[in-house]
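What follows is calculated from the coordinates using simple rules that are stated; it is not laboratory data. Values in this document were obtained by computation on a predicted structure and should not be read as measured data. FYI the Cβ positions are ideal-geometry reconstructions off the backbone, even for glycines, and counts take in every protein chain you see.
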Amino acid sequence: MAITKEIIEDKIEVVGSFKHINVRTATVVKEDGKEVLRSFHRHVVSPDSDASSESDEVKKLVGLHHTDELKKEYSDFKKAQADARP
């Protein structure tokens, strides 16, 4: 009886006006080649996130979408949101 565990990024989406990158990671456990368990973890890479530990595929999307202009717009948006709080 061989049990294996595989972790894969099975879904990557770029969403919203600030191009947040949603990453879904699946952990797949197999017994003798037959899947017996699958669980998911999700995280978001924002324009102000440190993407240095992301996969190569996510890093490519960060480089493509998280331009300096977009990062500035996102920073300005977050500052305006913080300033609007009572």
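A few points about this structure:
- Label sites at Ile3 and Asp83, each approximated as a point 7 angstrom past Cα along Cα to Cβ, lie 5.6 nm apart.
- Net length gained if the chain between His43 and Ser75 were fully extended (0.36 nm per residue, minus Cα distance): 9.5 nm
- Candidates His65, His41, His20, ranked by Gaussian network fluctuation over the chain, Cα under 10 Å, top entry: His41
- Gaussian network model of the chain, Cα within-10 Å springs - most flexible of Leu70, Leu37, Leu61: Leu37
- Average Cα contact separation per residue, region 3-84, under 8 Å, 6 or more apart, as relative contact order %: 23
- Gaussian network model of the chain, springs between alpha carbon atoms under 10 Å - residue of Glu31, Glu13, Glu73 with greatest fluctuation: Glu31
- In the list (i) 1.00; (ii) 1.20; (iii) 1.17, the label attached to Rg/Rh (Cα atoms, Kirkwood Rh) as derived from the coordinates here is (iii).
- Estimated from helices alone, the mean residue ellipticity of the chain at 222 nm is -10000 deg cm²/dmol (sum of -39500 (n - 2.57) over DSSP H runs with n ≥ 4, per residue).
- Nearest 10 degrees, 0 to 90: helix 68-84 Cα axis against the chain principal axis: 70
- Residue order for Lys34, Lys60, fewest other beta carbons within 10 angstrom first, comes to Lys34, Lys60.
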